[in-house]
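The values are calculated or read from the model by the stated rules, or taken from the named source; none is laboratory data. Computed from a predicted structure; not experimentally measured. Methodologically, a virtual Cβ is constructed for each residue, glycine included, from the backbone with ideal geometry; neighbour enumeration extends over all protein chains shown.
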Amino acid sequence: MSKLSQLHDFVKLNIPTPYFKGVSYEEAQDYKKLFQIKNNFKFPVVVRSTYSQEDGEASSFAGHYATVLNVGYNQFEHSVRDVFASYPKPENQQVIIQEMLQPSHSGVLFAFKNGVWKIEFSEGLGENVVSGKKNPFVLLLPKFNKMDKWVASYYNFWKPFEKENPMAFLHGPFLSLSIYTQTLLQYFKHVEAGLDIEFAVENGKMYLLQARPITTKEEKEEVLTSANHKEILPPKPSRAMTSLITSARKDLFAYYQNLDPSLPSRNFIENAQGMPWINLSALLDTMVSWGLPSSLVCKAVGAEDVYKVALRPHIAISKINVFFGLLKEQLLVKKQVERWKAATFAELNRKRADRAALWSQRPEAALNECVEDLKNLYTGLVSHMQQLTGAMSAPVAILHRLGLLQKSKVESKSTEYLKAFNALANGSMDKQEFLELYGFRGFYESDVGQLRFYEYTEQEWNKLLSNKGEIPENLSTQKSKGNFFVKLLTKPVTELIHSREALRHDAMQQFWYFRKELKDGIQKALPNRDIRFEDYHFEDLAELLKNPTDFKKPEYEPQAGWASDTFLHNESGRVLPLNVLVNAGNSLDAKQGIGIYPGVIKGQVWRVAAADFSQLQLPSYEHIILVADSLDPGWIPFFGKVSGVISYVGGILSHASIILRESSIPSITQLPKTIELSEGMWIEMNGQTGEVKKIEA
């Protein structure tokens, strides 16, 4: 795959490239022939190396051999000799003579088969980027096809730059670059990782100069986001849960592949900085492949839209079979979930009982079987949650906009849980009764490594119940009446919401059974060792059980926490913030959040980061507005003791939002990060509009 053969392939595939010709070493020795070749070109030209071993698939020798730019008529012969002189053995080799462009912009596209496509470009010659003379602009390139080029002349569905940006004209050439890249990847099917493509833009037209195989697989990048993990997992998830989630990464993306087998295999989860992040770019590429807006998935997970691709009806129509399959699945999802729960939970309980003796006889085998069952439960839970969320997303958005969703007073399992806790707090329910109903739940309960209410010590219960805030009337244990017409209209949606909340509630009970089995099983296998399973990756725990005397606990990568919401990450561990992208920040101009439940509240900010109730103390403000980075259902014990709730991460269908809405607590989610609220600050929040204003005390 020499440079010269690549250029011939460009011509064959109708991909624009400047006029070129290959000159052999033998031809270069013939003055008359070289003079003849010289007179067929417009100057300046570039004399490029094309050594036979230069661009292999296993390794690349880019930059090892000479290339001379801006060669004038009188320097031609001398430059040809210089390039040949850089070869170890010039005999039977060639150089490329190619007309020199005077580009407005040029650079490199790193097009991985299973990863983001990243453009690094600058004004002028691409040499400035390759040599490091200039810091390049960076842009993520969506994967378009040939039909998009034709449609783009009538409908601008991709706007990577704002109109006033002087580089806005590049969206056309970059669209062409995406289409050429798709063509090249299909043509060079044998290339394993992807292509490193050099390009130049002259007079608004895209030219390709080179396309060599990528040999540095570890440079493959994905856009990762905390998304709803920030809502349901603690600031630093247990090692056990991190390893479990990571092991399910391909199974979770299989949900999308089952809908559309043409999708390439991707990881739904990526492990970075010791944390399990959601692979946003895999979801974005799926939306682009289906012709749906990239903002659809970004709004759902609360991340910045780094693609900025609008609806493309011409692609969506071609995927009509996928949408029919999705629609059929969503119409039947409620019954499917009930059947799955009944069959799966019964099977898990049976296998757990059968496995009890195995922990004493073959603990490693018992652990592996237990973890495999837990992984299947987790994968099934997330997949069915996705189905339920997909089925209700559109109607919920419509009802929410009409203000009808907020008027529906039918209660889900989670709201019943909140009322039970309030009854416990005000003394109308004793602790034993509460534990019988909800002892398997707890704070950040989606992490199997976190404590459940069953496990709380008396001292911890005293801390938890010491915050005796007054419980508002709207959170009393009596049933809400609501409007009959509203209930009737919203019934199909609320049934799906309640099905999802019941699914999570029941799955958390299974999580507790697994947690108890892991604790008891390891205690049985290693009675003289104080081993906490949550402190280990499960594969390491299996090694410990297999060889307990010689086992040495690994030094795990430090956990960074969820401080970086969305970022670029490659397989070697490099992390880049989104502000490296030239178009980053264009979607961060929101001035308000999303209203969850109406109500105008004035009060003081209780600013907290995580639901660690053993450390948090309710402030003594007269009117408290809880402001959190994100809201796990573990915040439930405090929802009944504050006047309003605000979160920076979440959505109208997050578990906490459902509880807040059904409990009539004025609340806002997805507050822009540009609105900074600090402890004790006086604010006025509007749960209808999502607006927040700072006011005087």
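Can you name the residue in the range 1-56 that is among the charged types (D, E, K, R) and within 20 Å of VAL201 (Cα to Cα) and is also modelled with the highest pLDDT among such residues?
Initially, the range 1-56 is screened for residues among the charged types (D, E, K, R), giving 3, 9, 12, 21, 26-27, 30, 32-33, 38, 42, 48, 54-55.
Adding the requirement that they be within 20 Å of VAL201 (Cα to Cα) leaves 3, 9, 42, 48.
Details: LYS3: 87, ASP9: 94, LYS42: 90, ARG48: 91.
Among those that are among the charged types (D, E, K, R) and within 20 Å of VAL201 (Cα to Cα), it is ASP9.
From the list GLN186, GLN210, pick out the single residue that is assigned to a strand (DSSP E or B), polar (S, T, N, Q) and either without any contact (Cβ under 8 Å) to a residue 40 or more places away in the chain or surrounded by fewer than 22 Cβ atoms within 10 Å (Cβ to Cβ) (or both).
Criteria check complete, one pass: GLN210.
Would you mention how many residues in the range 75-113 are of a type outside the set (Val, Ile, Thr) and closer than 30 Å to ASP285 by Cβ?
10
Before we move on, is ALA240 closer than 24 Å to HIS171 by Cβ, of a type outside the set (D, E, K, R), touching a residue at least 60 places away in the same chain (Cβ under 8 Å) and buried (at least 22 other Cβ atoms within 10 Å of the Cβ)? Before the answer, list the steps.
Values: closer than 24 Å to HIS171 by Cβ: no; of a type outside the set (D, E, K, R): yes; touching a residue at least 60 places away in the same chain (Cβ under 8 Å): yes; buried (at least 22 other Cβ atoms within 10 Å of the Cβ): yes.
No.
Which ones in the range 422-449 are buried (at least 17 other Cβ atoms within 10 Å of the Cβ) and of a type in the set (Gly, Ala, Ser)?
ALA423, ALA425, GLY439, GLY442, SER446, GLY449 - these are the residues of the range 422-449 that are buried (at least 17 other Cβ atoms within 10 Å of the Cβ) and of a type in the set (Gly, Ala, Ser).
Can you pull out the residues in the range 254-269 that are among the charged types (D, E, K, R) and over 15 Å from the mean Cα position of the chain (by Cα)?
ASP260
Please list, ordered by first then second residue, the pairs with beta carbon atoms under 9 Å, 6 or more apart or interchain, first in the range 343-360 and closer than 16 Å to VAL371 by Cβ, second hydroxyl-bearing (Ser, Thr, Tyr).
Pairs found: LEU348/TYR513; ARG352/TYR513.
Assess whether ILE179 counts as being outside any helix (DSSP H, G or I) and modelled with pLDDT of 90 or more.
No, not satisfied.
Return yes when ILE269 is free of Cβ contacts under 8 Å to residues at least 40 places away in the same chain, outside the structural domain of GLU162 (by TED's automatic domain parsing) and buried (at least 18 other Cβ atoms within 10 Å of the Cβ) and no when it is not.
Judged against the criteria, ILE269 is a match.
ALA303 versus (1) crowded, with 19+ Cβ neighbours inside 10 Å; (2) of a type in the set (A, V, I, L, M, F, W, C); (3) in a helix (DSSP H, G or I): which is the lone unmet condition?
With (1) crowded, with 19+ Cβ neighbours inside 10 Å; (2) of a type in the set (A, V, I, L, M, F, W, C); (3) in a helix (DSSP H, G or I) applied to ALA303, the lone miss is (3).
Okay, residues lined up against (1) among the hydroxyl-bearing types (Ser, Thr, Tyr); (2) assigned to a loop (DSSP other than H, G, I, E, B); (3) under 19 Å from LYS299 (Cα atoms):
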site	(1), (2), (3)
VAL605	no, no, no
LEU626	no, no, no
SER630	yes, yes, yes
TRP635	no, no, no
VAL645	no, no, no
ILE652	no, yes, yes
GLU676	no, yes, no
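Is the range 375-385 home to any residue that is among the hydroxyl-bearing types (Ser, Thr, Tyr) and crowded, with 20+ Cβ neighbours inside 10 Å? If you could, list the steps in order and put the result at the bottom.
Residues of the range 375-385 that are among the hydroxyl-bearing types (Ser, Thr, Tyr), as a first pass: 378-379, 383.
Still in the running and crowded, with 20+ Cβ neighbours inside 10 Å: 378-379.
Within the range 375-385 (the criterion being among the hydroxyl-bearing types (Ser, Thr, Tyr) and crowded, with 20+ Cβ neighbours inside 10 Å), the answer is yes, since at least one residue qualifies.
Condition test on LYS328, is it part of a helix (DSSP H, G or I), within 31 Å of the chain's Cα centre (by Cα), among the basic types (Lys, Arg) and at pLDDT 90 or above?
Judged against the criteria, LYS328 is not a match.
So ASP550 ticks every box in (1) at pLDDT 90 or above; (2) farther than 30 Å from LYS351 by Cα; (3) acidic (Asp, Glu) but one. Which box is left unticked?
So ASP550 meets the others, but not (1).
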